[in-house]
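One structure is given here, and the rest of the page talks about it.
The values are calculated or read from the model by the stated rules, or taken from the named source; none is laboratory data. Please read all numbers here as calculations on a predicted model, not as lab measurements. FYI the Cβ positions are ideal-geometry reconstructions off the backbone, even for glycines, and counts take in every protein chain you see.
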Amino acid sequence: MNDVLSIAEYLTTNKLEYEMTEPDLFGNSGQYTVYPTSEEELSALFAFVHMHQFTVNIQGTGSKRGYGGLIDQADLLISMEKFTGIVEHHSGDMTLTVKAGTKLEDVQRYLEAFNQKLALDPFMPYVSTIGGVIGSNDSGPKRLNYGSARDAVIGLRVVYPDGKVIRTGGKVVKNVAGYDMNKLFISSMGTLGVITEVTVKLRPLAKSTATCIISFQGEDRNKIYSFTRKLLNNSIEPISCELLDPVVSYEISGINKLSLLVSFEDVEKSVDYQIKYIQSLVEEEMKLTVLRNNEEKQLWDRLYQLPFDKGPEHDKDEKLFAVAKIGTINLNVIDILLKVMEIRKKDNIDIYTHGGVGHGLMQLYIKGKEREMIETLTKIRNITNENGGYCIVKHLPLAQRLVFDTWGETKGAQYLLEGIKTKVDPKKILNRKRYVGGI
Amino acid sequence: MKKKKLKTNDRHIHGLSQLLNDKQAILYHKEDLISYDCDGFTIHKSLPRAVVFPHSTEEVARIVKYCHDHALPFLARGAGTGLSGGAIPLNNEVIISLVKMKRLIDIDLDNRRAVVEPGYVNLKLTNQIIERGYYYAPDPSSQYCCTIGGNVAENAGGAHCLKYGVTTNHILGLELVLPNGEIVEIGGNGVLDEPGYDLLGLITGSEGTLGIVTKIIVRILKNPEGKQTVLAYFDDIEDGSQAVSDIISAGIVPAALEMMDKTAIEGVEAASFPVGHPKDIAAVLLIEVDGIAAGIDDQIEQILSVCRNRNVREVRAAKNEQERAAWWANRKTGFGAMGAISPDYLVQDGVIPRSKLPEVLRRINKISEEYGLRIANIFHAGDGNLHPLVLFDARIPGETEKALAAGSACLKVCADVGGTITGEHGVGIEKREEMRFVFTDEEIAAQTDIRSVFNTDNLLNAGKLFPSPSRCAEVKKEMKEKIIG
């Protein structure tokens, strides 16, 4: 108890905004939540907690609190929610430096005025902070063309667990000076340091965009497979090529069919040409719907909001909600998606999914009671492992995470990951047990 | 093959030879080793202890384990085209040459990936698949002879990385022999986002200091449907630089945007691939747009009009593929072409924010005057990656040192305007000290900490990439003693 008091004393003495917090369903919280607004505050705070070996969790707005982690409460939760704002924007150089707590949507809205964008399409962009997106390397269907944070980030400022501030990368778009330390912090789930500033390269906003929904009549594996191959083995340059099961398709477009979501971003003539090309490709028993402007934007918004958890209190059966991410070799997405549809029918469980046939990443949603949910997740993990991939859980309450390992089995190089963690955070104070194999 | 006895008393040569299936796949005579005393950075030379030529991952692992167990320094080498000295055996290393591991293991066009051994030559991959409509994007100028293993070590770039990214953006998985001889797979069979720290990203560009890559899964791309290249001559280099900015600001993402200055043009026109660039112009721009054919003409029109607005002397699109290829051959052999106008040259590799181009060119000009050495400039202008080529004559005493100092001064300018010291050639031994232009001691220590996780005894490629910490520590210690004393 004394320890906790002394944290409160530190926060009060140093005039940091903070509050006491109660444990909740998702864990990864802290007995106190503090809202730093400057790197100096953070650096000093870490020097203090490091000295006293207090444990610290870190979050942006908390949208990924159900993503890994085996600890209910650390001594302190650092929220980056108020660590926001644009630091520098060099429009001509197409680079932007932004504070890590800034919401992705705010970054995009700012850039729109300059006809630029950050080419990233993570889920829940209205609540996700750029720091959180980078820390988890979250990406959506447009990964096919955009890439992910690991392709967009050119520099970071990071506060280490002992309070020192390290810059990685730089502010130019091409850089091989030293190790590519940016990569170490991207997808590190906050276990190595707190990202305070992010420098990214930008892209011009496309002059024209369109999204094609190609709906299949049935669920014939061979037909879907051969059409998808035909579509991909071609000179068109889709930004996304996402296969949706009928539930997801209905949810976002009102079309209750297994569908492909193929989008284009380019100059107008090129987009028009590619739509025509798709029209020529579509076979008789398929249906093509082309969306542009507002309709198109709304469709994508609905897709990105699918992981939003309204919470069991909003569900009359008090069912839990889980989100999983699957990685596989590109075209295996088709088989996995069909198997998920089979499980839905056979087990009568509320499960739905979509995945990119050009990049092999899938997102999966399950609503259900604890037992059936864990059983289903286990089945899915077995299926993905058989397909040479993995299944990790992006969202699940703490109690269930303690039963079903978020990350799955650890691989051969685990001791390297542990070695890195130990070098950077020898006292293991930061986001303890959040990541693979309990690092 | 007739079995020959090894003629040496070095017990480690015998020991290493025993580990190879082909016992003769080892060089140890001085006259054989001389070819391995440097790479593309020829200013520093140092002999290896031996060179071994493994044919398989297992052989590499056995050799590495032997070196590890006997505390022998060792390093990996591909085609030896590196420009920063990353493969130079500073510590009498055993060189593990990967040129015999040159198989193309698998091509999977449906899933857009290929699996190669590290000694596989970059351009061969594209040549293998281009007929079927695919290619491998990273295209360093040496692509006709450099290996993909070496590209991974250096995170190689190329003229077309403006739109398509550098090597790290195209690597999906690696097999790696760690410095203790253990074999590990990284990047889970090429599936994206394998859970865990991004070792794939960390190892790419680590200049052979974290492990030896023995298998690589790369992403391959579909050939763009259309492609067009524009050539523009400027009488004033600032107009050329402004045109570069204007093109980017217009929302065009060219596949490549290259620039050469007057001295560089003099070089390329005197060398093997002249195309008739006028000798009196200040700068030439080479701009390539690719993508959906229907969208290209409009972009070319826009580029032509941007150039005209910036007082271009002449601007035109390539008439045909032949002309386009000639322009590119002229540009891609640009470094070597300096040999036609100077006995020696030193290539530098700074990066700057694009908008600082005019300022930096002025300052490089000043450096040239100060040191009394001509500096040619070839650059990937679109991404701000400059290659100042310092022309000198090594036969004149002191001129090599002067060239090195002038090169370093160019990098200082790049760092000062918010850029960096290397965009694609790597630090190697050449730019170790210049690392201090961009990183603090603490930031360098953060990197060597990571090295120590992999390369615990620092037997693998020691002395590369980082400035010597001992010097720094000693200086500090000395100062401390002075203060205390």
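Of B:L361, B:L285, B:L373, all but one fail to be more than 30 Å from A:G178 (Cβ to Cβ) and in contact with a strand residue (DSSP E or B) (Cβ under 8 Å, 6 or more places away or on another chain); the exception is B:L285.
Across region A:94-122, the qualifying residues are those that are within 17 Å of A:Q305 (Cβ to Cβ) and of a type in the set (A, V, I, L, M, F, W, C), and the one among them that is surrounded by the fewest Cβ atoms within 10 Å (Cβ to Cβ) is A:L104. Set side by side, the residues B:G295, B:G372 differ, and just one is out of contact with any Cys (no Cβ under 9 Å at 6 or more places or on another chain), farther than 28 Å from A:V172 by Cα and assigned by TED's automatic domain parsing to the domain that holds B:G428, which is B:G372.
Within region B:1-59, the set of residues being of a type in the set (G, A, S) and touching a residue at least 40 places away in the same chain (Cβ under 8 Å) comprises B:G15, B:A25, B:G40, B:S46, B:A50, B:S56.
Kindly provide the set of residues from region B:227-244 that are under 27 Å from B:A294 (Cα atoms) and either among the hydrophobic types (A, V, I, L, M, F, W, C) or in contact with a helix residue (DSSP H, G or I) (Cβ under 6 Å, 6 or more places away or on another chain) (or both), ordered by number. The answer is B:Q228, B:T229, B:V230, B:L231, B:A232, B:A243, B:V244.
Residues that are in contact (Cβ under 8 Å) with a residue 60 or more places away in the chain and charged (D, E, K, R) number at least 2 in the following strands (runs of 3 or more DSSP E) confined to region A:186-245: A:194-201.
Number of residues in region B:270-290 that are touching a Phe, Trp or Tyr at 6+ places or on another chain (Cβ under 8 Å) and part of a strand (DSSP E or B) equals 4. Restricting attention to region A:121-150, the residues that are within 14 Å of another protein chain (Cβ to nearest Cβ) and within 19 Å of A:N182 (Cβ to Cβ) total 14.
Within region B:421-455, the residues that satisfy the criterion of being within 22 Å of B:I43 (Cα to Cα) and at the interface with chain A (Cβ under 7 Å from one of its Cβ atoms) are B:I421, B:T422, B:G423, B:E424, B:G426, B:V427, B:M435. For region B:108-156, taking the residues that are within 14 Å of another protein chain (Cβ to nearest Cβ) and hydroxyl-bearing (S, T, Y), the one that is farthest from B:H170 (Cα to Cα) is identified as B:Y134.
The set of residues from region A:68-93 being surrounded by fewer than 24 Cβ atoms within 10 Å (Cβ to Cβ) and assigned to a loop (DSSP other than H, G, I, E, B) comprises A:L70, A:I71, A:D72, A:E81, A:K82, A:T84, A:G85, A:S91, A:G92, A:D93. Considering (1) aliphatic (A, V, I, L, M); (2) touching a His at 6+ places or on another chain (Cβ under 9 Å); (3) surrounded by fewer than 17 Cβ atoms within 10 Å (Cβ to Cβ), the lone condition that A:M362 does not fulfil carries the number (3). Here A:G358 qualifies as within 11 Å of chain B (Cβ to nearest Cβ) and touching a helix residue (DSSP H, G or I) at 6+ places or on another chain (Cβ under 7 Å). There is at least one residue in region B:125-137 that is of a type outside the set (D, E, K, R), closer than 27 Å to A:K183 by Cα, assigned to a helix (DSSP H, G or I) and in contact (Cβ under 8 Å) with a residue 40 or more places away in the chain.
Condition check ((1) closer than 30 Å to A:P426 by Cβ; (2) surrounded by fewer than 20 Cβ atoms within 10 Å (Cβ to Cβ); (3) not charged (D, E, K, R)) across all residues:
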| site | (1), (2), (3) |
| --- | --- |
| A:M124 | no, no, yes |
| A:G135 | yes, no, yes |
| A:L144 | no, no, yes |
| A:R157 | yes, no, no |
| A:K174 | no, no, no |
| A:I186 | yes, no, yes |
| A:E197 | yes, no, no |
| A:I213 | no, no, yes |
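Residue check: B:I375 meets all listed conditions (1) at pLDDT 95 or above; (2) farther than 23 Å from B:V275 by Cα; (3) buried (at least 24 other Cβ atoms within 10 Å of the Cβ) but one, namely (2). Annotation: A:K269 fulfils all but one of (1) touching a residue at least 12 places away in the same chain (Cβ under 8 Å); (2) within 14 Å of another protein chain (Cβ to nearest Cβ); the unmet one is (1).
If only residues of region B:87-117 that are touching a His at 6+ places or on another chain (Cβ under 9 Å) and surrounded by fewer than 21 Cβ atoms within 10 Å (Cβ to Cβ) are counted, the one that is nearest to B:V177 (Cα to Cα) is B:K100.
From the list A:V172, A:V153, A:V194, A:V165, the lone residue that is at pLDDT 95 or above and away from chain B (no Cβ under 12 Å) is A:V194. I need a count of the residues in region A:257-296 that are in a helix (DSSP H, G or I) and of a type in the set (D, E). Total satisfying the criteria: 4.
Every condition in (1) of a type in the set (F, W, Y); (2) in contact with an Asp or Glu (Cβ under 9 Å, 6 or more places away or on another chain); (3) farther than 23 Å from A:P426 by Cβ holds for A:Y18 except the one numbered (2).
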